[in-house]
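Report on the structure given below.
Quick note: the coordinates plus some simple rules give every number you see, no bench work behind them. Quick caveat: nothing in here was measured; it's all calculated off a predicted structure. Every residue, glycine as well, gets a Cβ built from its backbone with ideal geometry; the counts of neighbours run over all protein chains shown.
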Amino acid sequence: MRNVLVAALCSLFVAMAGCGPAERPRFHLTGKITHGDQPVPAGMIFFDPDYVQGNDGQQGFAFIKDGQFDTRLNGQPTVGGLHIVRIQAFDGKPGNELPMGKMIAPPYSTAADLPKEDASQDFNIARPGET
């Protein structure tokens, strides 16, 4: 009887292990990144779910090359919804310790409501005094 009880408990724990929260759907995002009217030569864009606004999930990101980004190219898709978008922009002229070159703008962040489907969305890094 004891062996049956132990086997039943083991089976229950194995079954419960597969019953954790389901991973949220993720969506690919592409777009353009500009600084003023010029494409950002190189950099990274991060999509942080806005926990304060009730959005959660894994961070998404993409590399910026020649003013374009695509989470499908060595990046991670987003969960959609309210996010804090952070952009790091570089001149694209690598140096010994600067693989993407020198920063062309201070790190930039903005709030965005990202689509809950594969989509395209553009971002412009505001210059000081711009919004």
If a/c stays under 1.5 just call it rounded; otherwise compare a/b with b/c (prolate if a/b is bigger, oblate if not). Do that for segment 65-131, with a ≥ b ≥ c from the square roots of the Cα gyration tensor eigenvalues. oblate
Taking the Cβ of F61 as the centre, find all other residues whose Cβ is under 15 Å away and add up their charges (Lys, Arg: +1; Asp, Glu: -1). +2
Computed over segment 19-131: relative contact order in percent, which uses C-alpha pairs under 8 Å that are six or more apart: 32
How about K93: which lysines have a C-alpha closer than 17 Å to its C-alpha, ignoring those fewer than 8 places off in the same chain? K65, K102
What's the ranking of 65-78, 95-108, 37-50, 113-126 by average number of surrounding C-beta atoms within 10 Å, highest first? 37-50, 65-78, 113-126, 95-108
Note, F47: beta-carbon cut-off 15 Å, +1 each Lys/Arg, -1 each Asp/Glu, net -3
